[in-house]
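The values are calculated or read from the model by the stated rules, or taken from the named source; none is laboratory data. None of these values were measured; they are calculated from a predicted model. Heads up, the Cβs are rebuilt from the backbone with ideal geometry, glycines too, and the neighbour counts pull from every protein chain shown. We work out accessible area using only protein heavy atoms, side chains counted, and drop any ligands, DNA or RNA first. Shrake-Rupley method; radii C 1.70, N 1.55, O 1.52, S 1.80 Å.
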Number of protein chains: 2
Amino acid sequence: MEEWKKLLLALGSAAAAGLVSIVLVLRWVLSFREGLGWDGGPAEFNWHPVLTVVGFIFLQGMALVVYRLPWTWGRSKLVMKLIHAGLNLLAFALVVVALVAVFDFHNSANIPNMYSLHSWLGLAAVLLYGLQLVLGIGMFLVPVTPVSWRAAFMPLHVYSGLFIFCSVIAVALMGITEKLIFGLSNPKYKDSPPEAVFVNVLGVILVLFGALILWIVTRPSWKRPSDQLSHILHTRGGGEDSITAGPVLSQLSEESEDIRRRSNRKKTCRCKLKELCNRKTY
Amino acid sequence: MEEWKKLLLALGSAAAAGLVSIVLVLRWVLSFREGLGWDGGPAEFNWHPVLTVVGFIFLQGMALVVYRLPWTWGRSKLVMKLIHAGLNLLAFALVVVALVAVFDFHNSANIPNMYSLHSWLGLAAVLLYGLQLVLGIGMFLVPVTPVSWRAAFMPLHVYSGLFIFCSVIAVALMGITEKLIFGLSNPKYKDSPPEAVFVNVLGVILVLFGALILWIVTRPSWKRPSDQLSHILHTRGGGEDSITAGPVLSQLSEESEDIRRRSNRKKTCRCKLKELCNRKTY
């Protein structure tokens with residue numbers, strides 16, 4: 001299969017898994033649980049899983065792959081950065097509401113807050129996500145930030161983004177575990193009633209969504225061409241080059257003339273690099 | 001701070017976090033729980049968290065960073081591959097015992113098996129880990145496997161390894177959640193008795209260990225120099241080059257003359273590449 005078809009298939013599968021997880025979480029709270037409301041009771045709590053899946057998982061995942069959409073590669077990078085930041089800001093806003101919902105519910109029901117590992121890691125993820133947003137906007141959207149700062153910060157920004165995304169899915173799986181144990185009494189979770197199996201499947205779909213997003217963002221050849229051509233030049237510690245010219249770049253015939261020119265220049269040097277790579281030890 | 005010092009600091013911190021997590025899980029089962037035994041009761045169950053942390057998390061994590069130990073870079077790659085495979089095989093053996101322990105305990109106590117999301121994802125992780133082992137040995141240790149197959153399979157091997165590692169930590173966090181809810185009755189988990197706080201801290205340390213391992217393995221400049229110099233040339237889909245010459249490579253004065261020669265050749269080409277990278281859009 002051609003490389004760009006693989007990319008589109010992966011993007012489509014990720015979007016499908018994400019949308020299915022949203023449908024499943026909605027069906028969970030609307031059909032198996034108490035629905036949605038804002039009364040301090042279980043219906044308010046139910047906003048917590050819904051907004052977590054929609055915001056913290058789906059929207060954050062979409063924000064991660066926004067630079068991997070081939071039909072945007074001819075557009076301004078600034079526009080894509082604004083979309084990336086916008087999706088993350090929207091996700092953060094939804095997560096804050098999700099937190100308010102669960103604190104409200106706990107306080108109404110006299111359940112202590114912040115006792116579980118789920119709550120510890122969940123709050124840490126929200127705080128790190130907020131910090132990531134502030135630093136990301138300051139570094140990459142404030143025009144006066146020096147390019148050398150951006151280059152030095154980029155590896156940490158990418159790593160933190162993926163780490164927070166993975167952590168959030170792990171925290172969601174812990175939340176599902178908690179809710180199924182506490183929420184199911186007769187029959188219990190261990191008796192595998194339909195709700196238990198249904199929500200377990202939701203958990204599996206969330207893992208699948210995470211796996212697809214991570215696969216997409218870690219393929220060097222699926223990067224936006226401008227990022228493939230000039231990736232990262234660390235300014236500290238002796239410098240580091242990581243330069244790739246991937247299959248997608250060479251296959252997308254509709255790419256602009258500018259991108260093609262840069263690709264051809266890369267290929268000239270790639271031949272020189274291949275000469276150096278004569279000692280492979282897989 | 002010099003790059004090789006950062007690498008050693010990260011390796012030391014990861015090893016420390018891993019060892020602390022082993023101490024904590026042992027203290028959990030020996031001081032707070034029923035100790036260790038093989039009688040079908042709770043003491044047999046307790047092998048499950050202990051062997052999971054020791055094998056599936058600590059040993060697997062160590063196997064992931066085995067190529068990042070600078071003092072081994074002068075050694076044969078084959079030896080390091082055997083150590084990598086050996087650590088993973090040992091981890092797999094421990095995980096199988098951990099599974100037997102929990103199934104034995106469930107069967108003795110008439111608790112159903114495989115009903116929870118923790119069990120679904122945990123068993124999936126074990127099966128994927130076994131498949132990864134078989135394919136990894138077949139691809140990278142069987143001498144007759146064509147180099148082109150190895151090159152084509154390597155990105156999937158690396159991705160799967162990291163994905164399984166992350167999944168195992170997530171599954172462990174779910175297991176901790178389950179055990180604290182089921183195991184604590186008076187006081188309950190929500191009352192935050194010392195055991196609850198203690199095991200929550202274990203969960204946080206496991207996340208820290210995972211974060212450090214992932215940071216180490218995803219720094220291109222911390223790769224084994226031979227892997228930095230000739231990384232991956234995909235044979236399918238038009239080819240992909242990902243070539244890096246990192247700070248560690250240029251700073252490690254004790255590196256062999258062979259490695260230095262290759263580094264110098266890289267630098268010559270790196271200058272050409274830097275000329276091409278005149279359009280940075282961070």
(message) Can you pull out every residue in segment B:63-86 that is open to solvent by less than 40 Å² (accessible area, probe 1.4 Å) and among the aliphatic types (A, V, I, L, M)?
(response) B:A63, B:L64, B:V65, B:V66, B:L69, B:M80, B:A85
(message) closer than 18 Å to B:A196 by Cβ, without any contact (Cβ under 8 Å) to a residue 60 or more places away in the chain and buried (at least 16 other Cβ atoms within 10 Å of the Cβ): is that true of B:V25 in this structure?
(response) no
(message) Tally up the residues in segment B:89-128 that are away from chain A (no Cβ under 13 Å), under 13 Å from B:T52 (Cα atoms) and under 20 Å from the mean Cα position of the chain (by Cα), please.
(response) 11
(message) Please go through (1) more than 18 Å from A:L202 (Cα to Cα); (2) assigned to a helix (DSSP H, G or I); (3) among the aliphatic types (A, V, I, L, M) for A:L36 and return the number of the only condition it doesn't satisfy.
(response) (2)
(request) Could you grab the pairs with beta carbons closer than 7 Å, sequence gap of 6+ or different chains, first residue in segment B:74-86 and more than 15 Å from B:L59 (Cα to Cα), second one buried (at least 16 other Cβ atoms within 10 Å of the Cβ)? (result) B:K77/B:S226
(request) Return the total of residues in segment B:189-200 being open to solvent by 30 Å² or more (accessible area, probe 1.4 Å) and more than 9 Å from chain A (Cβ to nearest Cβ). (result) 2
(message) Conditions first: (1) polar (S, T, N, Q); (2) out of contact with any helix residue (DSSP H, G or I) (no Cβ under 7 Å at 6 or more places or on another chain); (3) closer than 26 Å to A:A196 by Cα. A:S76 passes all but one, so which condition is the exception?
(response) (3)
(request) Scan segment A:167-177 and give yes if some residue there is polar (S, T, N, Q) and within 19 Å of A:V97 (Cβ to Cβ), otherwise no. (result) no
(message) Among the residues of segment A:160-181, are any more than 22 Å from the chain's Cα centre (by Cα) and either within 30 Å of A:E3 (Cα to Cα) or assigned to a loop (DSSP other than H, G, I, E, B) (or both)?
(response) no
(request) Looking only at segment A:153-180, count how many residues are among the aliphatic types (A, V, I, L, M), open to solvent by less than 30 Å² (accessible area, probe 1.4 Å) and at the interface with another protein chain (Cβ under 10 Å from one of its Cβ atoms). (result) 8
(message) Which count do you get for residues in segment B:35-50 that are in contact with a Gly (Cβ under 9 Å, 6 or more places away or on another chain) and either in contact (Cβ under 8 Å) with a residue 24 or more places away in the chain or buried (at least 19 other Cβ atoms within 10 Å of the Cβ) (or both)?
(response) 6
(message) So for segment B:227-247 (the condition being within 24 Å of B:M1 (Cα to Cα), open to solvent by 40 Å² or more (accessible area, probe 1.4 Å), within 25 Å of the chain's Cα centre (by Cα) and modelled with pLDDT of 70 or more), does at least one residue qualify?
(response) no
(request) Can you give me the number of residues within segment A:26-49 that are of a type in the set (K, R) and touching a Phe, Trp or Tyr at 6+ places or on another chain (Cβ under 8 Å)? (result) 1
